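Student: The structure's right below; bear with me while I get my questions together.
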Amino acid sequence: MNTTKTYTLTEAKRKLEHYCVYQDRCHAEVNSKLKEMRMIPMAIDEIIYHLIQHNFLNEERFAKSFARGKFNIKHWGRVRIIRELKFRKISEYNIKTALKEFSEEDYFTKLNYLATKKLDFITETNVYKKRKKLADYLLYRGWESNLVYEITKALIP
C-alpha cells in the first residue's frame, strides 16, 4: 500500500508559502521540494508563479541573505559564497548584488580576525607547515588565494 501524501494545488501553495516564509529559498530549492511532493510540472510552474507574485519567492533577497549569513556566521569568503550561489543556479546579477552586502573593510577585518584566531590553535613548529595549515584553512573557507598568502606571510614571518 502506498502511503505517500498527495496535495491539492491549494494545499501545496499553502505548504510552500510556509516553507518560503520560514527561510528565504531559491527557485531550485522550491522546485525540488515540489518534486518531492510529487507535483506535476504544470502545477509546479503555477505554484512558483504564485510564490513570485506574492513575494514569497525572491531570488535577489535569497542571494543577499545567503551571502550575509554565510559571511557573518560561517565566516566564508567570496570564492565559497559565489560557488555555493552558482550551485543553487543564482544569476550573475544577483550574485554581484549579494556580494555588496558586506564592505571591503568588513571583509579584510573578518579575514584578519579568522586568520589570527586560527593561528592560536595551530601547534606546528615548522614555519612552512604552519603557513600551509593556516592557508589551507582559509582557502577551504573560500577566501581568495592572493589574500590568504599575503596574510599568512604577514602573520607567520
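Student: Among the residues of the stretch 56-72, is there at least one that is more than 30 Å from Glu144 (Cβ to Cβ) and either without any contact (Cβ under 8 Å) to a residue 24 or more places away in the chain or touching a helix residue (DSSP H, G or I) at 6+ places or on another chain (Cβ under 8 Å) (or both)?
Tutor: yes
Student: Which condition breaks for Thr6 when tested against (1) over 17 Å from Glu84 (Cα atoms); (2) assigned to a helix (DSSP H, G or I)?
Tutor: Result: Thr6 fails condition (2) only.
Student: For the stretch 32-45, indicate whether the set of residues that are hydrophobic (A, V, I, L, M, F, W, C), farther than 30 Å from Asp106 by Cα and buried (at least 20 other Cβ atoms within 10 Å of the Cβ) is non-empty. Give the derivation first.
Tutor: Within the stretch 32-45, the subset hydrophobic (A, V, I, L, M, F, W, C) is 34, 37, 39-40, 42-44.
Subsequent filtering for residues that are farther than 30 Å from Asp106 by Cα retains 34, 37, 39-40, 42-44.
From what is left, the residues that are buried (at least 20 other Cβ atoms within 10 Å of the Cβ) are 34, 39.
Yes, because at least one residue in the stretch 32-45 is hydrophobic (A, V, I, L, M, F, W, C), farther than 30 Å from Asp106 by Cα and buried (at least 20 other Cβ atoms within 10 Å of the Cβ).
Student: Now, a different point. Being more than 19 Å from the chain's Cα centre (by Cα) and among the aromatic types (Phe, Trp, Tyr) is true for just one of Tyr93, Tyr107, Tyr128. Which residue is that?
Tutor: Values: Tyr93 fails: more than 19 Å from the chain's Cα centre (by Cα); Tyr107 fails: more than 19 Å from the chain's Cα centre (by Cα).
After ruling out the rest, the residue left standing is Tyr128.
Student: Does the stretch 69-79 contain at least one residue that is within 27 Å of Tyr19 (Cβ to Cβ) and of a type in the set (D, E, K, R)? First the steps, then the outcome.
Tutor: Let us first name the residues in the stretch 69-79 that are within 27 Å of Tyr19 (Cβ to Cβ), namely 69-74, 76.
Retained after the next criterion (residues that are of a type in the set (D, E, K, R)): 70, 74.
Within the stretch 69-79, one or more residues are within 27 Å of Tyr19 (Cβ to Cβ) and of a type in the set (D, E, K, R).
Student: Identify all residues within the stretch 40-66 that are of a type in the set (A, V, I, L, M, F, W, C) and in contact with a Ser or Thr (Cβ under 9 Å, 6 or more places away or on another chain); write none if there are none.
Tutor: Of the residues in the stretch 40-66, the ones of a type in the set (A, V, I, L, M, F, W, C) are 40, 42-44, 47-48, 51-52, 56-57, 62-63, 66.
Result: Ala63, single match.
Student: Can you find a residue in the stretch 98-109 that is part of a helix (DSSP H, G or I), in contact (Cβ under 8 Å) with a residue 40 or more places away in the chain and touching a Leu at 6+ places or on another chain (Cβ under 8 Å)? If you could, list the steps in order and put the result at the bottom.
Tutor: In the first step, residues of the stretch 98-109 are kept if they are part of a helix (DSSP H, G or I); the result is 98-99, 104-109.
Now restrict to residues that are in contact (Cβ under 8 Å) with a residue 40 or more places away in the chain: none.
No, the conditions are met nowhere in the stretch 98-109.
Student: Out of all the residues in the stretch 117-152, which are charged (D, E, K, R) and either in the same structural domain as Arg78 (by TED's automatic domain parsing) or free of Cβ contacts under 8 Å to residues at least 12 places away in the same chain (or both)?
Tutor: Lys117, Asp120, Glu124, Lys129, Lys132, Lys133, Asp136, Glu150, listed by residue number.
Student: Taking the stretch 18-65 on its own, how many of its residues are among the hydroxyl-bearing types (Ser, Thr, Tyr) and farther than 22 Å from Phe87 by Cβ? Write out each step before concluding.
Tutor: Initial filter on the stretch 18-65 (among the hydroxyl-bearing types (Ser, Thr, Tyr)): 19, 22, 32, 49, 65.
Okay, now just the ones that are also farther than 22 Å from Phe87 by Cβ, so 49.
Number of matching residues: 1.
The values are calculated or read from the model by the stated rules, or taken from the named source; none is laboratory data. Keep in mind that this is a model prediction, so the values were computed, not measured. Please note: Cβ atoms are built from the backbone with ideal geometry, for glycine as well, and neighbour counts cover all protein chains shown.
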